[in-house]
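Read through the structure below, which is laid out as structure tokens, and then see the notes.
Every number here is computed from the coordinates shown, using simple stated rules; none is lab data. All of these numbers come straight from a predicted model, not from anything done at the bench. As a convention, Cβ positions derive from the backbone with ideal geometry for all residues, glycine included, and neighbour counts pool all protein chains shown.
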Amino acid sequence: MQFNKFAAMFAAGAALFLPGQAGRASSHSDAPLIKQDPQANLTDVYAFVGKNKAGTKVLNVVVNVRPFCEPGDGVIYDRFADDALYSIHIANPTTGAAVCDYNFRFSQVNPHVLPGLKNPNTILSYGLGSQAGPIQTVGDARQNYTQSYTITKTSSSGSSALGNGSPLIVAPPNVGARTTPAYNDADGIAKSGATTYDALDAYTKQTTFALNSGETVFCGPRDDSFFSDIPGIFDLLNPRILGSTLGQSGTGVDGFKGFNVLTYAIQIPISQLNSVPGFPNVGVYASVARQRVTLRLTDADNVSSGPWIQVNRLGNPLFNEALVALKDKDRFNRMSPTSDVSQFSKYALTPELPFLINFVVFGDPTGQSPLATHNRTDLVAIFMPDVLRVNTSTDPVPLAGQPGFSRLSFIGGDTTNGVSSGWPNGRRLGDDVIDIALTAIASGPSYSTILVVGDNVDHNDAVYNNVFPYAATPHSGTRNSKDSGENVGL
């Protein structure tokens, strides 16, 4: 691979796709307070150019929340919090200021009557409602509990509710082959990798909604799209990680295989984004908020009131978790990206990871050599402000499994219309952001030599879908790649 060919592109960082600009991971366990609130804990944000079912060019935004969701966690299974505000923000890519917000609110997690619950006199949320048996259609008589949601779009021109006049329904969990058969193959393993909409499982198709306003939305459980040996990375760079370039050998272990997440996703027609400053370049980030006051009652559900307070936010992968110091992690989650340059750019300018690599791998007692630990303006250009920046002028980008796709994005020669197809130009499912980021950390700020560094995990344990909502089918509760005592998975 001709890495020198891409050195100039890597050095440009964010300027690669924004001409004129200065030039447990992803975010599963990024800060102490949000670690205590898993339903509000964002894990990953993906944003990339594609086409919707009708052939319209769109910006796909896929957001994952609720890390380490155990597929077999019955009897309730994970649900979106009914007292949280889940948001997708379209932002100014230069300042991070939100221009348009899509706010998702979810129905009760503990309803006692229809339409949320059909039968309050059973222990089963799925497989026994007004009838018993496998779920054939989302919300049918055998699906006892059904969660729904609303979406409000807010911009400078005001707020409007999106929808087609009927409830937007959350997809059910993959309980297992006996309860949710449409998710699974004949062996009881989640089937994924759809290349057409018709090839998606019935539950996913039934909970993907094309709205009259032009957007398409989906909410429900999915496979955790992230892959990395985060356990090895945070074990003081365990020798099983890092590429052979650094003299290491071994096989990384994907710390996220077999786990699910909760996903909320949207396709936005590119034509609706032309009011964003800097268009066709746009910024994207996600956040979760809770109301200021929660009153806990002894004889009823909690009651929340007051203004919404942001408790978590996420744009680029890795920044808060791998760069921001402990003292500032919770504060970062409460602030807007507009404060990033003044408040948090120091963590990109003087990152700790090259110090650790110098100390642990290269044996430098000072931690200062050979990798650069100061004046990392290249990393500032990539991460500040902490929003994904997407050049929406390109053709749809190649997806994992398609011709031309490289997990290393432009480092692997994967460009679209001369622009990086993946991170740091947006982010696709399958982009190996750990290897891309570690390679940048090891090679910058001069990039005179590209030192490819990785964690020896180069693919997800489940095959992504190549159509919306893109994330892989959720793992089965009774048979998945993590456990069940069976040799399951790739």
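With Rg and the Kirkwood Rh both taken from Cα atoms, where does Rg over Rh land for region 363-490? Please list the in-between numbers first.
On the way: Rg = 17.6 Å, Rh = 16.9 Å.
Taking Rh as the inverse mean 1/r over Cα pairs, Rg/Rh reads 1.04.
Extending each Cα 7 Å along its Cβ direction at residue 161 and residue 37, get the distance between those two points in nm, one decimal.
The two pseudo-label positions are separated by 2.6 nm.
Starting from the Cα of residue 121, step 7 Å along the direction of its Cβ; do the same at residue 108; then give the gap between the two resulting points in nm.
1.8 nm
What's the lysine pair count for the chain at a Cα cut-off below 29 Å, pairs eight or more apart or interchain?
For the chain, qualifying lysine pairs total 29.
Relative contact order for region 284-431 using alpha-carbon pairs under 8 Å, separation at least 6, rounded to a whole percent?
Details: 209 pairs, mean separation 26.0, N = 148.
Once normalised by length, the contact order is 18 percent.
Search the structure for amide H atoms under 5 Å from the amide H of residue 69, placed 1.01 Å from N in the peptide plane, and list their residues when 5 or more places away or on another chain.
Residues meeting the criterion, in which the H sits 1.01 Å from N, are 260.
Under the Karplus relation 6.51 cos²θ - 1.76 cosθ + 1.60, θ = phi - 60°, what is the ordered set of whole-Hz ³J(HN,Hα) values for region 38-44, x standing for Gly and Pro?
My calculation for region 38-44 gives x, 5, 9, 8, 6, 10, 8 Hz in order.
Shape of region 121-186 from its Cα gyration tensor (a ≥ b ≥ c, root eigenvalues): rounded if a/c is under 1.5, otherwise prolate when a/b > b/c, or oblate?
Prolate, because a/c is 1.5 or more and a/b exceeds b/c.
Sorted by packing (mean other beta-carbon atoms within 10 Å per residue), highest first, where do 118-124, 370-376, 64-70 land? Before the final figure, lay out the partial values.
Details: 118-124: 13.0, 370-376: 17.6, 64-70: 23.4.
Final packing ranking: 64-70, 370-376, 118-124.
Summing Lys, Arg as +1 and Asp, Glu as -1, what charge do residues with Cβ under 11 Å from the Cβ of residue 409 carry, residue 409 excluded?
Numbers: positive: 407, 427, 428; negative: 414, 431, 432, 435.
Residues near residue 409 contribute -1 overall.
Projected area of the chain, taken from the Cα convex hull and averaged over every viewing direction, in nm²? Before the final figure, lay out the partial values.
Details: hull surface 91.2 nm².
With the hull built on Cα positions only, its mean projection is 22.8 nm².
For region 138-254, just list the percent of Cα-Cα distances falling in each 5 Å bin from zero outward, please.
In order of increasing distance, the bins hold 2, 9, 14, 14, 12, 11, 10, 10, 9, 6, 3, 1 percent.
Residue 292: net charge of surrounding residues, Cβ under 15 Å, Lys/Arg +1, Asp/Glu -1, itself excluded? If you can, show how the numbers build up before the last one.
Details: positive: 290, 296, 334; negative: 37, 83.
Net charge in that neighbourhood comes out at +1.
Which length gain, in nm to one decimal place, applies between residue 325 and residue 97 when the Cα-Cα distance is subtracted from 0.36 nm times their residue separation? Could you put the intermediate results ahead of the total?
Details: separation 228, 0.36 × 228 = 82.08 nm, distance 2.37 nm.
Here the segment from residue 325 to residue 97 would lengthen by 79.7 nm.
Would you list the P(r) distribution for region 176-241, with all Cα-Cα distances sorted into 10 Å bins from 0 and each bin expressed as a whole %?
Distribution as computed: 16, 33, 22, 20, 8, 0 percent.
Output ³J(HN,Hα) for region 180-189: one whole-Hz value per residue in order, computed from phi by the Karplus curve 6.51 cos²θ - 1.76 cosθ + 1.60 with θ = phi - 60°, and x for Gly and Pro.
10, x, 5, 6, 10, 8, 5, 8, x, 9
Around residue 133, with a cut-off of 14 angstrom between Cβ atoms, what is the net charge of the other residues, counting Lys and Arg +1 and Asp and Glu -1?
+2
Which far-off residues, 5 or more places away or on another chain, put their amide H under 5 Å from the one on residue 97, with H placed in the peptide plane?
HN-HN under 5 Å from residue 97: 92.
Using the Karplus curve 6.51 cos²θ - 1.76 cosθ + 1.60 with θ = phi - 60°, work out ³J(HN,Hα) for each residue of region 348-362 in order, rounded to whole Hz, and write x for Gly and Pro.
Each residue's phi maps through the Karplus curve to give 7, 5, 10, x, 7, 4, x, 4, 5, 5, 4, 6, 7, 8, 8 Hz.
So what's Rg/Rh here for region 68-142, counting alpha carbon atoms and using the Kirkwood radius for Rh?
Working: Rg = 17.6 Å, Rh = 15.2 Å.
Expressed as Rg/Rh, it is 1.15.
Hey, rough spin-label estimate for residue 360 and residue 303, points 7 angstrom out along Cα→Cβ, what's it come to in nanometres?
5.0 nm
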